[in-house]
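A.B. asks: Here it is: the structure, laid out below.
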Amino acid sequence: VQLQASGGGLVQAGGSLRLSCRASRSILSTFSAIDFGWYRQTPGKQRELVAGINSGGSTNYADSVKGRFTISSDYTKKTVYLQMNSLKPEDTADYYCTGRWRGSDYWGQGTQVTVSS
């Protein structure tokens, strides 16, 4: 499983970004069996789970992003999205997508999100 994250950038507070995580080189049946998550990390802090979506479509969110972020998946594009609205400066971080499949965790490269005040 190879994950490719994209979509980060610089945005003003209150703005929106959509991150994408594409599971390249995965057949559709594999993609549908993966539990995906988005994590973020800032210097000196532990990586934290922002949002997750399991193979059954159930989602979960960190309290700090509930009501502002939405995780979704597009089976046909083998891509998981993180729609981030009403962004705040404290959302600034490197964001990573991850997938768990058959007990193993796979990580994409980080994509940087910077929210200016």
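The values are calculated or read from the model by the stated rules, or taken from the named source; none is laboratory data. Source: prediction; values computed, not measured. Only protein heavy atoms, including side chains, enter the accessible area calculation; ligands, DNA and RNA are left aside. Shrake-Rupley method; radii C 1.70, N 1.55, O 1.52, S 1.80 Å.
A.B. asks: How many angstrom separate the Cα center of the stretch 21-50 from the Cα center of the stretch 89-117?
C.D. replies: The stretch 21-50 and the stretch 89-117 have Cα centres spaced 7 Å from each other.
A.B. asks: Leaving ligands, DNA and RNA out of it, work out the accessible area of E90 with a 1.4 Å probe and give it in Å² to the nearest 10.
C.D. replies: About 120 Å², ignoring ligands and nucleic acids.
A.B. asks: Could you tell me the number of lysine pairs in the chain with C-alpha atoms less than 26 Å from each other, where the two lysines are 8 or more residues apart or belong to different chains?
C.D. replies: Within the chain, the lysine pair count is 5.
A.B. asks: A further question follows. Bin width 10 Å, origin at 0, all Cα-Cα pairs of the stretch 1-46: what percent of pairs per bin?
C.D. replies: 20, 40, 29, 11
A.B. asks: Using 5 Å bins from zero, what percent of all Cα-Cα pairs in the chain falls into each bin?
C.D. replies: 2, 13, 24, 26, 18, 10, 5, 1, 0
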